[in-house]
Amino acid sequence: MDGPEVLIIGAGIGGLTLGLMLHRRGIACRVYEAAPEIKPLGVGINILPHASKELGELGLESALTRVAILTREAAFFNRFGQLIYREPLGRDAGYEWPQYSIHRGDLQAVLAAAFRERVGADRLLLGWKCVGATDAADGATAQFVDGVTGAPLAPQPGHAVIGCDGVHSVLRKQFHPHEGDPVYSGVNMWRGVTRWPAMLSGATMVRAGWLNPGKMVIYPIRDRIDADGRQLVNWLAEIETPHYLPKRDWARPGRIDDFIGPYRDWHFDWCDVPALIRAADAIYEYPMVDQDPLERWTFGRLTLLGDAAHPMVPRGSNGAGQAILDARVLADELALRRDPAEALRVYEAARLPATSKVVLANRTMPPDAILREVKLRSGDRPFERIEDVISREELAAMSEGYKKVAGYDHATLAGGPAAG
Ligand SMILES: Cc1cc2nc3c(=O)[nH]c(=O)nc-3n(C[C@H](O)[C@H](O)[C@H](O)COP(=O)(O)OP(=O)(O)OC[C@H]3O[C@@H](n4cnc5c(N)ncnc54)[C@H](O)[C@@H]3O)c2cc1C
């Protein structure tokens, strides 16, 4: 696999997936990562069937199944712990591919191990921080400094440069220097992980309450982690508040007293929520911010992918998934076309509108809009029977609506990834 290489900036979920996909199509590539080592950072994320299909086609299903939870159902509760709606997910919902709930670090480790084994350890360069890229008719060049010392490193020539460098993308800033600040959604978020006994089916994604006074999302991400058979349970608290720290830092520690108030009396038969929060191993605070969709990602042989291209509020389990779908379309186009600039243009034409829809849907019609609706219709009070508040058909229709936009309803999945 000699010849001009595609330079991938960032060894996150999108960058490593792209590397594996290019390699499969016989296209040489290198991944440049700013961090000096790949550490298991972050907490839980979900890979929905449209994205797990792509990872399955890369032959990663068994590696992922070993470390993830195969999520079986979604359950929605009001803030009094009453069940509103339950629906199967992943294979249990008839998809050919599972839904994985997984620690972000485990997903990145699976991808990095596969990349090192298949593409070569020497093609994953750590401690290389990209500071810019230039485009020319006959090639592209990326500029770097040492990720730790800041000392300049040799510029790297390539066939194309793909910015998979996440929410603080250097290439995005280079392309759009006057872009506005991230847009705060009005909701702040605290995320954590707790070692906890299995609840409900043992593979249930719970969403409960609503943003004011507080919503919780709870799901397991690792199974049987100790002799007592406990799971590692990921949870996130979302609270409507004008107070937030604008800088996006995935590792900013969170403080229990800043957010436990609305959940103090959430002692339900399916989970003692305040106890779950208090027993956390780690808690992080992160503002629910996104950025307005861009008009353009591609400049000649340079383009953006994943969070660098379309940062979205981390809701709806779509950050990693959309990055994986981007990688599939970009790899296909680079394999299909002689001219990389043309491949990058076609990729943008397919993925920019599709991902913009997801960014905007996450703002107005999130996957758990069901909870908002029930809160409004019930006057935020306990109900006798959910059927008196809203019909099952309406609940199912709302849930399907989001799947369509995000591209994992059954019909879209049968059609292929470009529709996003
Ligand atoms: C440390 C961390 C923790 C996260 N935790 C969570 C979480 O708990 N829950 C959640 O939903 N999402 C989390 N995310 C975001 C999530 O991974 C992404 O939304 C999603 O997977 C899309 O992936 P991506 O490849 O576009 O970006 P990312 O997965 O963010 O990957 C970007 C990569 O680029 C590298 N990079 C950045 N700048 C440069 C540069 N100048 N040169 C070279 N490399 C660079 C970063 O170190 C990172 O490895 C986290 C991201 C990071 C980086």
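The values are calculated or read from the model by the stated rules, or taken from the named source; none is laboratory data. Worth saying up front: this structure is predicted, and the values here are computed from it rather than measured. When we count neighbours, we look across all protein chains shown, and the Cβ atoms used for this are built from the backbone with ideal geometry, even at glycine. The accessibility values were calculated without ligands, DNA or RNA, using every heavy atom of the protein model including side chains. Shrake-Rupley method; radii C 1.70, N 1.55, O 1.52, S 1.80 Å.
Numbers at a glance
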quantity: Residue within the range 16-24 that is modelled with pLDDT of 95 or more, in a loop (DSSP other than H, G, I, E, B) and more than 16 Å from the ligand (Cβ to nearest atom) present; calculated: no
quantity: Lone qualifier among 419, 349, 369, 406 - being at pLDDT below 90 and open to solvent by 60 Å² or more (accessible area, probe 1.4 Å); calculated: 419
quantity: Residues being open to solvent by 10 Å² or more (accessible area, probe 1.4 Å), near the ligand (Cβ under 6 Å from one of its atoms) and of a type in the set (Gly, Ala, Ser) - total across the range 302-321; calculated: 2
quantity: Matching helices (runs of 4 or more DSSP H) fully within the range 319-420 where at least 3 residues are over 24 Å from residue 73 (Cβ atoms), of a type outside the set (Val, Ile, Thr) and touching a residue at least 40 places away in the same chain (Cβ under 8 Å); calculated: 319-336, 340-364
quantity: Qualifying position, being open to solvent by 10 Å² or more (accessible area, probe 1.4 Å) and under 30 Å from residue 189 (Cβ atoms), among 333, 400; calculated: 400
quantity: Unique match (being more than 25 Å from residue 48 (Cα to Cα), outside any strand (DSSP E or B) and either modelled with pLDDT of 95 or more or open to solvent by less than 10 Å² (accessible area, probe 1.4 Å) (or both)) among 277, 225; calculated: 277
quantity: Residues satisfying the stated conditions in the range 361-404, i.e. closer than 21 Å to residue 217 by Cα and touching a Lys or Arg at 6+ places or on another chain (Cβ under 7 Å); calculated: 362, 366, 368, 371
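Residue by residue, here is whether (1) more than 12 Å from the ligand (Cβ to nearest atom); (2) surrounded by fewer than 20 Cβ atoms within 10 Å (Cβ to Cβ) holds:
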residue: 116; (1), (2): yes, yes
residue: 121; (1), (2): yes, yes
residue: 129; (1), (2): no, no
residue: 143; (1), (2): no, yes
residue: 146; (1), (2): no, yes
